[in-house]
Amino acid sequence: MSTKGAFTGLRPTGGGLELTLFGFPTRIQASFLVVAALLGLYPGATVRSVITWTVIVAASVTWHELGHAFAARRLGASPTIDLYSFGGLTHWSPAHDASRWEMISVAAAGPGAGLLLALPVALYAWSSGGFDDNHITFFLLWVNVGWGLVNLLPVLPLDGGHILAQLLPGDRDLRHRRAAVVSIVIGSVAAVALISIGYYWGALIFGWAIATNITALRAPAIAEKARALDGELRETLNGIGTRVPGSVERAIALQRQLGPRGPAFKVVAVEAAAAAGDARGARQLMDDLQGQLPPALYALVDVVETAGLHGLDELGEIFARDPLPAQARWLVLGLHRAGRMDDLLGLVHQVPSPRRTAELIEAMVGIVAWADRPDLAADLRLLAVG
């Protein structure tokens, strides 16, 4: 393997370093080096030994990941390497439908590379009569043999777990679910054993693996719940938009299940109520749903509540300052509810031509068409840039 041009494109990033190793894009996160150094803080450790340990861990884990990367490249993949807080990860996808044995070969190539690196070190230690004070020899064998053997335990996401997943019967999803169950059992035993000997860092790694596999087993149920929830979301929003009784109250109850999607749902729900002319429902959604609303949407609700006496001028001013598709949509809804749709073209003409994008026009056309003004929709399309 030629080393010419092996290390290229080294540059710092906000979270560490990026470079190219033997053609593989590689990212080394600062957290990787921090955790590696912490693992080297054994009783009696010196600054020199911690630095030596950290360098050896970084080099050995990189070598391990290169083993995966070269094996994956043989299958036509274009791997990338990421060294992060809990170790290394080689991202790859085969260029063809790889067989189980091909997948196993990639998983085994990492530990295999480590054992290959450790062989001459072991021979040196044997020929010299042991380790004595040679931290480098001991560290190299501990990381490449000790960690390498642990990495072959049948626990996902370790390499041994990926090998196990290919050896179990069933289709791909079933194999991984079965491997996850085995991983939880063996990982729990390993964590308890490591705690009993006081190796808490190792126990933490297996605890993380257990949590990862529990999450993987729950994923199908979570995905099914999300699909059901998305269907309920659409149904609820349609109910708000067509003023189905109880839809506003249902939306407020539903948001408790939404988590991070809540604020975005509030915007859509309030817009749907405003489009339906339901001022009371829009105000209730504004008050009871979590999250902030853009000023233009507050102005739109004012328009709906007052039949255009208040809020319309504010909508126009916001649109003139910031002609974005959402602001445009709310402006058109406000004009519709105020009975002043014919004012729209004049307001659009005031937008500088470079900002009068096709996306902006189409956002307005959608509401205009919904309001059953095909003539106005045709005039708007003529104003689109390009």
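Test H310 against the stated conditions and say whether it is within 30 Å of G246 (Cβ to Cβ), over 34 Å from the mean Cα position of the chain (by Cα) and in a loop (DSSP other than H, G, I, E, B).
Numbers: within 30 Å of G246 (Cβ to Cβ): yes; over 34 Å from the mean Cα position of the chain (by Cα): yes; in a loop (DSSP other than H, G, I, E, B): yes.
Yes: the conditions hold for H310.
Can you go through A282, A328 and tell me which one is crowded, with 19+ Cβ neighbours inside 10 Å, under 20 Å from R373 (Cα atoms) and among the small types (G, A, S)? Let's see the steps before the verdict.
On the way: A282 fails: under 20 Å from R373 (Cα atoms).
Selected residue: A328, the only one of A282, A328 that is crowded, with 19+ Cβ neighbours inside 10 Å, under 20 Å from R373 (Cα atoms) and among the small types (G, A, S).
Which residues, counting only those in region 189-205, are under 17 Å from V155 (Cβ atoms) and either modelled with pLDDT under 90 or assigned by TED's automatic domain parsing to the domain that holds L41 (or both)? Please lay out each step first, then the result.
Within region 189-205, the subset under 17 Å from V155 (Cβ atoms) is 189-195, 199, 201-205.
Listed by number, the residues that qualify are L194, Y199, W201, G202, A203, L204, I205.
Filtering region 24-37 down to residues that are under 27 Å from the mean Cα position of the chain (by Cα) and free of Cβ contacts under 8 Å to residues at least 40 places away in the same chain, which residue is farthest from V143 (Cα to Cα)? First the steps, then the outcome.
Going through region 24-37, the residues under 27 Å from the mean Cα position of the chain (by Cα) turn out to be 24-36.
Among the residues that remain, those that are also free of Cβ contacts under 8 Å to residues at least 40 places away in the same chain are: 30, 33, 36.
Details: A30: 19, L33: 15, A36: 11 Å.
Among those that are under 27 Å from the mean Cα position of the chain (by Cα) and free of Cβ contacts under 8 Å to residues at least 40 places away in the same chain, it is A30.
Of the residues that sit in region 30-84 and are among the charged types (D, E, K, R) and in a helix (DSSP H, G or I), which one is surrounded by the most Cβ atoms within 10 Å (Cβ to Cβ)?
My answer is E65.
In region 176-216, which residue that is without any contact (Cβ under 8 Å) to a residue 60 or more places away in the chain and of a type in the set (F, W, Y) is nearest to N151 (Cα to Cα)?
Of all residues in region 176-216, those without any contact (Cβ under 8 Å) to a residue 60 or more places away in the chain come to 176-200, 202-204, 206-207, 209-215.
Subsequent filtering for residues that are of a type in the set (F, W, Y) retains 199-200, 206.
Values: Y199: 16, Y200: 17, F206: 11 Å.
Result: F206.
Out of all the residues in region 179-188, is one or more at pLDDT 90 or above, buried (at least 18 other Cβ atoms within 10 Å of the Cβ) and not in a helix (DSSP H, G or I)?
no
For L333, work out the one condition from (1) surrounded by 14 or more Cβ atoms within 10 Å (Cβ to Cβ); (2) more than 30 Å from R256 (Cβ to Cβ); (3) out of contact with any Pro (no Cβ under 9 Å at 6 or more places or on another chain) it doesn't fulfil.
Going through the list (1) surrounded by 14 or more Cβ atoms within 10 Å (Cβ to Cβ); (2) more than 30 Å from R256 (Cβ to Cβ); (3) out of contact with any Pro (no Cβ under 9 Å at 6 or more places or on another chain), L333 breaks only (2).
Here is a list of conditions, (1) touching a helix residue (DSSP H, G or I) at 6+ places or on another chain (Cβ under 7 Å); (2) among the hydrophobic types (A, V, I, L, M, F, W, C); (3) in a helix (DSSP H, G or I), and V155 meets all of them except one; can you say which number that is?
(3)
Name the residue that is nearest to G146 (Cα to Cα), counting only residues in region 217-244 that are modelled with pLDDT under 80 and basic (K, R).
K225
The values are calculated or read from the model by the stated rules, or taken from the named source; none is laboratory data. Bear in mind that the values here come from a model prediction, so they are computed numbers and not experimental data. All Cβ positions, glycine included, derive from the backbone under ideal geometry; neighbour counts span all protein chains shown.
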